[in-house]
Amino acid sequence: MKKLITFMANRKVWPIALVAVGALVFVVASTRGSGKSEPASKYERILTTVAEILEQAHFSPKKLDDAFSRLVFQKYLADLDPDKNIFLKSDVLQLKGLENNVDNELRTGKMAIVPLADQLFQKRIAEISNFYKIILSKPFNFSVEEAMVTNRDSLDYPKTTAEQQEVWRKRLKYMTLERYADALESREKNKDSKTFVVKADTTLERESREAVARIWERSLTRMNKKFGIDEKFNLYVGTIAEAMDPHTEFFPPVEKRAFDEQMSGRFFGIGAQLGEKDGVIRIESVITGSPAWKSGEVKVGDIIVKVAQAAEAPVDITGFETTDAVKLIRGKKGTEVRLTLRKQDGSLKEVRIVRDEIVQEEAYARSAIIEKDNKKIGFIHLQDFYADFDDPNGAYCARDVEKEIRKLKAENVDGIVLDLRFNGGGSLSEVIKMVGFFIEDGPVVQVKDRDGAVTVSNDRDKSVLYNGPFAVMINEYSASASEIFAAAIQDYGRGTVIGSQSFGKGTVQRNIGLDRDAGYFMPTSELGTLKVTLQKFYRINGGSTQLEGVKPDIVMPDNWEFMDNKERSYENALPWDQVAKAAYRVVPKSTTTKSEANH
Amino acid sequence: MRQTIEQNNKLQALDQPLKMAYMKADEDRIAVMDTMKATRYKEWLKRLQKDVYLSESVSVLNAQIDALKTAKQ
């Protein structure tokens, strides 16, 4: 979800961002060339640059001091070992000696926490990888009454290896019991069916243990192979960024690429759909005409064993999740990826494929017509406010929605419903254009920067594309740009907002590259990118959607209401506030019906 | 718990699916898509046809359209 709730700044605010970052470049320049003889390591460069950007550009930066260090340290430890079953108490005490060190590491780039955490983590994972198999090698006795606490937040770390093994024994027993109980229930339900194989209790118990063993085999292999020091460093920088607010994030290069792919709806890959089962990744389908299809060597059912970039050594992807594998397979246009495939006859084959553009057309706006109560209603679905910032001819949601509205008007619809449920946001400039389709001209959103200056963003186009009856559907997962859209439609009285109260994200982020030499705006910095909260946005009525979200005109509660998975559930969310109301006129209660609306 | 979830899901699915279709141009586009993609497009529509929230939203809009017509008469 988190990733979906992104919101990029409007291109129109570039001058403001440039001022902020321009100042930063100056500060950075003055701290460089300080006579260091050795070139800074990648980690050092990332840490010091992140510190500078956070201090100089964040909307409301926390002071980088010991209190901040402890906050980051606690969060990092919890992220590394959320169930408190990997580290021993002694490991945590050793790490705790460094809990006030985060701010120093950010200033000097000299890293101590991550290498120590990595060393201890690897040691414990190796131990767990040995003993979990022994625990699962013998049947559990389910007639003994035992208790275990599944949420270990309030518990301490195990003090000894024996204590840790006991924690694991109970956890593995519980996981086995869940599967065993399901298997018994299924046997009871289906025992009379001719096709059902009735198995003995002992068999079902053994199969349940084997299923649990497979899960941990995969999970521990992943922790061992995939979650190395680089990944732990990325998690560390991510924790530092997110300590500022929930939407300031660190993207290592590959994550930034995934973000761009989501924003643009296109990527460079091989054109095959992958799926994971039992710890292996298989080809599920091959898109006709794609590079994988053209190679003639990639077939549905093939297992991907290794992935290599051009001349580099191959990476064994056993234990990888599909998303991790996809990140390795995708890359830059025209570059080569080598896949080692296990074919269905068991043979291994290496296939060389040159990546090409694959368009995820299914992520774009689409529409349909609903007939109900003798009326024709146009339905438009928008998954996010996408914009291909790198390509003016690429996909932009406002252009696509405009096309859909024109198509629906040609069909002579009586009204339009725009579905923004689960729409996590996107480009601000696209929202402004889209609101403009439904109003004459006027303000759409207000943006405040860290110095308190408020800028009003206007739709300057007097024409109205659609002035007929209009409704917007939202839910708890409609965030950011979706909330701006729904709020503007509500404030203008231009349509009815229906659904449940939206997410409540009222902040604007911008991506800043971390490679000083390449320049901060290099979108593909080799060191990664920091998505920083630079501004807050406000409704034209002056209120903020931050924490509060948009309250629908007609409330329809749904399944997710009780989960309270909203901006306000983040402890470090920025507060709600308001600015002055912008000058706008509420659209008079629509008196247009189809015949007039379609002129 | 399973029963409650089942009951909840049932309550949220329409007994009578909405009459909902792609426009001609889109149908032509889907007709020439590869099978998996075309299936996903069709499934998407099928899911929405049972969406009680969509059905209610359309009813709200329809009521407003009726109210507008009455006001004009």
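The values are calculated or read from the model by the stated rules, or taken from the named source; none is laboratory data. Note that the structure is predicted; figures quoted are calculated from it, not measured. All Cβ positions, glycine included, derive from the backbone under ideal geometry; neighbour counts span all protein chains shown. What goes into the accessible areas is simple: the full protein's heavy atoms, side chains included, and nothing from ligands, DNA or RNA. Shrake-Rupley method; radii C 1.70, N 1.55, O 1.52, S 1.80 Å.
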Sorted by chain and number, the residues with a modelled amide H under 5 Å from that of A:Val445, at a separation of 5 or more or across chains, are A:Ser457
Computed over the protein assembly as shown, protein heavy atoms only, probe 1.4 angstrom, the accessible area per residue in square angstrom equals 47
Of the accessible area of the range A:256-354, computed with a 1.4 Å probe and all protein chains kept, carbon and sulfur make up a percent value of 53
Taking the protein assembly as shown, the equivalent ellipsoid from its C-alpha gyration tensor has semi-axes in Å, biggest first, of 43, 35, 27
Inter-chain shielding metric for A:400-409, i.e. average beta-carbon neighbours from other chains within 10 angstrom, reads 1
Sequence order, the range A:151-159: Karplus ³J(HN,Hα) from phi using 6.51 cos²θ - 1.76 cosθ + 1.60, θ = phi - 60°, Hz rounded, Gly and Pro as x, gives 9, 8, 3, 8, 8, 8, 6, x, 7
With all protein chains present and a 1.4 Å probe, the order of A:Leu382, A:Leu184 from largest accessible area down is A:Leu184, A:Leu382
Among the range A:194-230, those whose backbone N falls under 11 Å of a label point 7 Å along Cα→Cβ from A:Asp316 are A:225
Going residue by residue through the range A:393-398, the Karplus relation 6.51 cos²θ - 1.76 cosθ + 1.60 with θ = phi - 60° gives ³J(HN,Hα) values, rounded to whole Hz and with x marking Gly or Pro, of 8, x, 7, 10, 5, 4
Heavy-atom accessible area with a 1.4 angstrom probe orders A:Asp419, A:Asp390, most exposed first, as A:Asp390, A:Asp419
For peptide A:99-105, the mean count of other chain Cβ atoms within 10 Å per residue Cβ is 0
Diffing the range A:104-119: the Karplus 3J(HN,Hα) column from phi (6.51, -1.76, 1.60, θ = phi - 60°), in whole Hz with x for Gly and Pro, holds 5, 5, 5, 7, 9, x, 7, 9, 10, 5, 5, x, 5, 4, 4, 4
Taking protein heavy atoms only, a 1.4 Å probe, and rounding to whole percent, the accessible area of chain B owed to carbon and sulfur comes out at 55
Taking Cα pairs closer than 8 Å and at least 6 residues apart, the relative contact order of the range A:361-597 in percent is 18
With every protein chain kept in place and a 1.4 Å probe, the residues A:Val508, A:Val198 fall, from largest accessible area down, as A:Val198, A:Val508
antiparallel share of DSSP beta bridges within the protein assembly as shown, to nearest 5, in %, is 75
Ordered by number, the residues of the range A:470-499 that have at least 30 Å² less accessible area in the complete protein assembly than on their own chain alone (1.4 Å probe) are A:Met473, A:Thr496, A:Ile498
Expressed as a whole number, the average count of other chain Cβ atoms within 10 Å around the Cβ atoms of A:365-372 is 6
Residues whose modelled amide H sits under 5 Å from the amide H of A:Ile358, counting only those 5 or more places away in sequence or on another chain, are A:Phe267, A:Phe268, A:Gly269
Rounded to a whole %, the carbon-and-sulfur portion of the accessible area of the range A:361-597 at a 1.4 Å probe is 49
Interchain or sequence-distant (5+) residues whose placed amide H lies within less than 5 Å of the amide H of A:Gly542 are A:Ala582
Ignoring ligands and nucleic acids, chains B and A bury, in total, an accessible area (1.4 Å probe) to the nearest 100 Å² of about 3600
Counting only protein heavy atoms and leaving out ligands, DNA and RNA, the solvent-accessible surface of A:Arg510 at a 1.4 Å probe, in Å² to the nearest 10, equals 20
